[in-house]
1. Is it true that A:GLY37 is more than 12 Å from every other protein chain (Cβ to nearest Cβ) and modelled with pLDDT under 90?
2. Listed residues B:LEU70, B:LEU77; which is more than 14 Å from chain A (Cβ to nearest Cβ), out of contact with any Gly (no Cβ under 9 Å at 6 or more places or on another chain) and closer than 17 Å to B:LEU4 by Cβ?
3. Which residue out of B:THR62, B:THR83 is closer than 17 Å to B:ASP7 by Cβ, among the hydroxyl-bearing types (Ser, Thr, Tyr), surrounded by fewer than 19 Cβ atoms within 10 Å (Cβ to Cβ) and away from chain A (no Cβ under 14 Å)?
4. Based on what the data block shows, is B:MET55 within 14 Å of chain A (Cβ to nearest Cβ), at negative phi, touching an Asp or Glu at 6+ places or on another chain (Cβ under 6 Å) and outside any helix (DSSP H, G or I)?
5. Taking segment A:6-30 as the region of interest, how many residues are in contact with a Pro (Cβ under 8 Å, 6 or more places away or on another chain) and either touching a residue at least 12 places away in the same chain (Cβ under 8 Å) or of a type in the set (Ser, Thr, Tyr) (or both)?
6. Is it true that some residue in segment A:125-135 is at pLDDT below 95, under 23 Å from A:GLU23 (Cα atoms) and within 9 Å of chain B (Cβ to nearest Cβ)?
7. Filter segment B:86-106 down to the residues that are under 19 Å from A:ASN92 (Cβ atoms) and of a type in the set (Lys, Arg), then identify the one that is surrounded by the fewest Cβ atoms within 10 Å (Cβ to Cβ).
8. If you scan segment A:54-85, which residues turn out to be of a type in the set (S, T, N, Q) and touching a residue at least 24 places away in the same chain (Cβ under 8 Å)?
Amino acid sequence: MDPELFGAVEPALREALGMFGVEVERIVSPDRDDVHGANDFIATIALQGESMDAVLHLLVTATAAEELVASMLGAPSTNDATTSDGLGEIANLAAGGIKTRLEPHNLSLGLPSVIQGRSLRLAGCVTCASQADRFRFASGLVVDTVLQMKPHKVCSSNHERARAGGAQ
Amino acid sequence: MKILIVDDSAVMRNMIKRALASGGVQAEILEAGDGQLALAQVPNDPDLILCDWNMPNMDGLTFVRELRKLGSTTPVLMVTTETHFSKQTEAKNAGANGFVAKPFTPDQLASQIKEVVPA
């Protein structure tokens, strides 16, 4: 585990969501299967550097995604493409916050990607260190984060794979 | 003032527009989804360009280089998560005039604009 990297997730997410007035609280020991399943979004973005590579995932229900993106727009999101766009930007902002907090590592961000589907789960990676967190915002909806960090040239392929049932 | 906002996220372009209004910056807004599309907007003579760094097709750094090759002196503020000193130096060497780090507040955006566009 890298406490510097994993400790950056919460303040970075708070800062990202705070840009459009959404405050969150971290939930300790959440039941991770209690909210997802019907229609979810996963936003994923890579952070790459000389000393570490990492991937940040955000998993939210469609309802939570729409609420977050409505806060960004100041109006309801009118379609899934806009919701995906907004979620990707949240991942970008949060990853940017992590990067800023790890300045000496000189990380670079990839472009965010977003998938939508039923019963999405974030698969683990045996060679990656990872940390999962859940944050609740005012309406009671939640955003799950998973940050995975890999030593260079050890984990080559599928740590960012999401196991999806009926992904769209 | 005419401001060209260059970002591949339409939601972020919308947020920047709202931040400009909240920060008291009154402007006619032009938009482009990447550097290539932004170059096509240059003949519309923006007074300021707010440009993301990481974009598909043509990224912000390449856009700034191409813009300067065209002889444009329009101020460019990079609005980006790429805030490392080495990145700032790289962008300034390419011709960018300043940085606004994402996430930002409307006041921070307005303040940076005042730095590069005289009232």
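The values are calculated or read from the model by the stated rules, or taken from the named source; none is laboratory data. The model shown is predicted, which means the values in this text are computed figures rather than measured ones. Cβ sites come from the backbone with ideal geometry, for glycine too, and all protein chains shown count toward neighbours.
1. Details: more than 12 Å from every other protein chain (Cβ to nearest Cβ): yes; modelled with pLDDT under 90: yes.
Against the criterion (more than 12 Å from every other protein chain (Cβ to nearest Cβ) and modelled with pLDDT under 90), A:GLY37 qualifies.
2. None of the other options fit; the residue is B:LEU70.
3. B:THR62
4. The answer is yes for B:MET55.
5. Residues that pass the stated criteria total 3.
6. No, the conditions are met nowhere in segment A:125-135.
7. The residue in question is B:LYS87.
8. Passing the criteria: A:THR61, A:THR63, A:SER71, A:THR83, A:SER84.
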